[in-house]
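**Q** Below you'll find the structure I mean.
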Amino acid sequence: MEATSFTSKGQVTIPMAVRQRLDIAAQNNLGVIYEQGKGVAKDLAATGWYRKAAEAGDKVAQHNLGVLYRDGLGVKRNEAEALTWFQKSADQGYAKAQLNLGQLFEKLAGQKK
């Protein structure tokens, strides 16, 4: 299935696969907007939007959801859950997630001593 969009230069057809990818990115962006309160009141809806995009495989949303769990922002602090999401994002090559994953592993290793 394809969708037709209109621009100032005329009609453009957008393949379904591209639309789905854009929808996932938009879900993550909505999470950012609600988390940071950009143009809206800060809201716990950020978690839901990040989760929706993260479960669809968006590496940035997976990282962002990991941050919420690591820091307890809008959710109960859960470092195990944070590790899970950082790992999924890091496995896709997202550098911020790789950094946060390493830092969280180091922190947890220090707690076990």
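**Q** Find the residue count for region 66-98, including only residues that are within 20 Å of residue 28 (Cα to Cα) and in a helix (DSSP H, G or I).
**A** Adding up the residues that qualify gives 21.
**Q** Further question on the same structure: Which residues, counting only those in region 39-77, are surrounded by fewer than 14 Cβ atoms within 10 Å (Cβ to Cβ) and either in contact with a Cys (Cβ under 6 Å, 6 or more places away or on another chain) or under 23 Å from residue 98 (Cβ atoms) (or both)?
**A** 57, 71, 72, 77
Values quoted throughout were computed directly from the atomic coordinates according to the rules given, and no laboratory measurement underlies them. Here the structure is a predicted model, which means the values were calculated and not measured. A quick note on method: Cβ atoms are made from the backbone with ideal geometry, for glycine too, and the neighbour counts reach across all protein chains shown.
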